[in-house]
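Input: a single structure, listed below in structure tokens.
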Amino acid sequence: MTNECLSNEPKLTFKRLIYEKHDYLAKITINRPDALNCFDYLTLKELAKAYEDVTYDDDIAVLVITGAGDRAFCTGADLKEQTEFTFKRPDNYYKWMYAFIEMHDRLRNIGKPTIARLNGMVVGGGNELNMACDLAIAASHVTIRQVGAARGSVASGGATQWLPLIVGDRRAREILFTCEPISAQKALDWGLVNQVVPKEELDEAVNILAQKLYQKLPGCLRYTKQQLNFWRDFSWGMTIGHARDWLTVHSNAYETKYGLKTFMDKSEIDYAKVRQHHSSEETTWQNSLDNLNCPQCQSMIPDCFKFCGNCGVTLK
């Protein structure tokens, strides 16, 4: 497809992204700084659309992906949106996962080198976005972590398959099991990023790397990328469908409910309680997780209620 074929298409507009093109460089910024640039369904769909545009624009040689502000690159799934699936529509979670998969498939197959500009914390699915890019440059204040095992999810797909390829098996297990943040310097030492610079030098470092990539033969670069993608594509293709279905089936499991509820309540997880096996206690506890907090007075109420029993506010 030529640029002429695309010239009659309407200009792309986005609600969740800032999409810019300058000369040979395209830049996509996830523009949700107040939500730490996390993914909701619309963000995933808009990223996929922007990737498609980058793919077919012959004037673009390099794509840079980043987040707005300097607090977060991307913090993975929007947990407020995830509560909709967990507490109200668990069977629909696969639709969110399909958008997540489509976004990643388009990025890996974009045919051009991609750079993750890590401007802030990189968490969960945000780290999968980082790893899906070919190269990464991080500001020195950046931390990277996976949180699934601590918050009621499984980082199946990108993290469980790609982390061992990039940092090695033992380090991947440490990241995924402990859920502890690693510094930008450790990420550099472990091969999770290519370069670490002070945040005021981040744009210059990204531009220098992009210029180096521009000064290469595009066809040779594209096929080199295709060859390098083999193990990522293989491991992703063999596991991501199972991940989608497992996460859908378990989207309202008690560990997932409990993890999301403590996140929304800003409370600590009682991991000892999770491990209790007394059925009567577990039943009472799990039933309590079918409650939600009133958005006005924060009282715990059953999620089937239309009105809060404490303050009377109408519930959506």
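The values are calculated or read from the model by the stated rules, or taken from the named source; none is laboratory data. Bear in mind that the values here come from a model prediction, so they are computed numbers and not experimental data. Cβ coordinates were reconstructed from backbone atoms using ideal geometry, including for glycine residues, and neighbour counts include every protein chain displayed.
For this structure, a couple of remarks:
- Once the range 26-72 is narrowed to residues that are among the basic types (K, R) and out of contact with any Lys or Arg (no Cβ under 7 Å at 6 or more places or on another chain), the residue that is nearest to F85 (Cα to Cα) is K45.
- Selected residue [hydroxyl-bearing (S, T, Y), at pLDDT 95 or above and either in the same structural domain as G157 (by TED's automatic domain parsing) or under 24 Å from the mean Cα position of the chain (by Cα) (or both)] from Y223, Y258: Y223
- Only listed residue being among the hydroxyl-bearing types (S, T, Y) and closer than 30 Å to L247 by Cα, chosen from Y24, Y98: Y98
- Of all residues making up the range 134-182, the number that are assigned to a loop (DSSP other than H, G, I, E, B) and small (G, A, S): 7
- Selection count, the range 273-305, where residues are at pLDDT 70 or above and loosely packed, with under 13 Cβ neighbours inside 10 Å: 4
Each row is one residue, and each column tells you yes or no for (1) out of contact with any Asp or Glu (no Cβ under 8 Å at 6 or more places or on another chain); (2) surrounded by 19 or more Cβ atoms within 10 Å (Cβ to Cβ); (3) modelled with pLDDT of 95 or more.
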| site | (1), (2), (3) |
| --- | --- |
| L63 | yes, yes, yes |
| A68 | yes, yes, yes |
| T83 | yes, no, no |
| R89 | yes, no, no |
| A159 | no, yes, no |
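- Remark: R244 matches the filter, which requires a residue to be in a helix (DSSP H, G or I), closer than 19 Å to A132 by Cβ, within 21 Å of the chain's Cα centre (by Cα) and in contact (Cβ under 8 Å) with a residue 12 or more places away in the chain.
- Of residues in the range 227-272 being under 23 Å from P90 (Cβ atoms) and among the basic types (K, R), the one surrounded by the fewest Cβ atoms within 10 Å (Cβ to Cβ): R244
- Those residues of the range 1-38 which are within 26 Å of the chain's Cα centre (by Cα), at pLDDT below 95 and among the hydrophobic types (A, V, I, L, M, F, W, C), in sequence order: L12
- Residues (in contact with a strand residue (DSSP E or B) (Cβ under 8 Å, 6 or more places away or on another chain) and of a type in the set (A, V, I, L, M)) located in the range 133-167: L135, A136, I137, A138, A139, V142, I144, V147
- Check on S140, surrounded by fewer than 16 Cβ atoms within 10 Å (Cβ to Cβ), assigned by TED's automatic domain parsing to the domain that holds Q82 and in contact (Cβ under 8 Å) with a residue 24 or more places away in the chain: yes
- Subset of the range 98-133 [in a helix (DSSP H, G or I) and hydrophobic (A, V, I, L, M, F, W, C)]: A99, F100, I101, M103, L107, L129, M131, A132
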